[in-house]
Amino acid sequence: MTPVVVLTIAGSDSGAGAGIQADLKTFAALGTYGTSVVTAVTAQNTRAVLDVHAVPAAMVDGQLDAVLDDFEVAATKVGMLGTEEAAEAVARRARAGRLPNLVLDPVLTASTGRRLGLVAAVDRLLPYVNVLTPNRAEAAALLGRAALGPDEVAGAAAQLAAAGPGAVVVTGGDAEGGEVADLLWTNGGARTFAGPRVETTNQHGTGCTFSAAVAARLALGDEVGEAVGFAKGYVTRALAGGRDWTVGEGAGPLDHFGWFA
Ligand SMILES: Nc1ncnc2c1ncn2[C@@H]1O[C@H](COP(=O)(O)OP(=O)(O)O)[C@@H](O)[C@H]1O
Ligand SMILES: Cc1ncc(COP(=O)(O)OP(=O)(O)O)c(N)n1
């Protein structure tokens, strides 16, 4: 059977734990055909982001044309945007209705510390987004706040949803405790998706993997709540599969495929 086509618009991670590489692995693991538009190239491994090169906006434009002129894209995941001009190139296609089921992971700072994106670039896309997937720090930054306390997450999600996205999932990887809970705000109400915390240092690319899985499942026909529930379970299994891996010396990648075994 011909697979559904999903698009990732994101940065390349040379260590392949996050970014375009994590997205394509996730798309493949979930039985979809992944296409890609590279917005930036990072020299990155499990320890650090060493360098970042933004792809010129004309080349981002060219890649978008190449993919959208030939493939019927059923869902798109957007990660690292590189520049505001790249964001505008994406916004133009979204305005024209060429990017259905648009999932935006507002990548701002790598967990190893380097700045990877700008709030202004993310803001340009918010009106066209179907599902926004910030972690707590990203949600706070998008709202111009320093941080979010546990009781402020639902209110922040509602505020972000009012800026355009039909649904907002604030992921909770950085919270304390034996459970990790993500909050989905949609249709004016909150739902929580909780799962066991996987104790591991191999958690590079969890946000990329989660948002890519949401996009893949929307492409396969899930409703937003179903897609978020599936993505949450998939990330938990991928973290568990790679828990004891020694791939690189720092925060290693997830096991995107092994849970099928
Ligand atoms: N240690 C963990 N155990 C289980 N699930 C996790 C863990 N860390 C993150 N997650 C899950 O990974 C997904 C991405 O969340 P998060 O880590 O907050 O994103 P980001 O990488 O953008 O900071 C969410 O579904 C979250 O619940
Ligand atoms: C090229 C690139 N894109 C995104 C990220 C951030 O990945 P993410 O899954 O959001 O989170 P961490 O792995 O940084 O926790 C990246 N590092 N590189």
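The values are calculated or read from the model by the stated rules, or taken from the named source; none is laboratory data. Quick caveat, the model's predicted, so the values are computed rather than measured. A quick note on method: Cβ atoms are made from the backbone with ideal geometry, for glycine too, and the neighbour counts reach across all protein chains shown.
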Item checked: Candidate set: segment 199-248, residues that are within 16 Å of ligand 2 (Cβ to nearest atom) and touching a Lys or Arg at 6+ places or on another chain (Cβ under 6 Å); chosen: the one modelled with the lowest pLDDT -> 200
Next item on the list: Run down 55, 41, 49, 73 and say which single residue is more than 15 Å from residue 105 (Cα to Cα), touching a residue at least 60 places away in the same chain (Cβ under 8 Å) and either surrounded by fewer than 21 Cβ atoms within 10 Å (Cβ to Cβ) or in contact with a Pro (Cβ under 9 Å, 6 or more places away or on another chain) (or both).
Entry: 73
Checklist line | Residue that is nearest to ligand 1 (Cβ to nearest atom) [pool: residues in segment 92-120 that are touching a residue at least 60 places away in the same chain (Cβ under 8 Å) and among the polar types (S, T, N, Q)] | finding: 111
Note to self: Here is a list: 82, 97. Which entry is more than 25 Å from residue 172 (Cβ to Cβ) and modelled with pLDDT under 95?
What the structure shows: 82
Next item on the list: Only residues that are surrounded by 15 or more Cβ atoms within 10 Å (Cβ to Cβ), within 14 Å of ligand 2 (Cβ to nearest atom) and in a loop (DSSP other than H, G, I, E, B): list them for segment 159-174, please.
Entry: 172, 173
Margin query: Can you find, within segment 17-38, the residue that is surrounded by the most Cβ atoms within 10 Å (Cβ to Cβ) among those that are more than 21 Å from residue 68 (Cα to Cα) and within 8 Å of ligand 2 (Cβ to nearest atom)?
Written below: 18
Check: Any residue at all in segment 126-147 that is modelled with pLDDT of 95 or more, assigned to a strand (DSSP E or B) and more than 16 Å from ligand 2 (Cβ to nearest atom)?
Finding: no
Note to self: Condition check: more than 18 Å from residue 170 (Cα to Cα), more than 16 Å from ligand 1 (Cβ to nearest atom) and surrounded by 20 or more Cβ atoms within 10 Å (Cβ to Cβ). Does residue 66 satisfy that?
What the structure shows: no
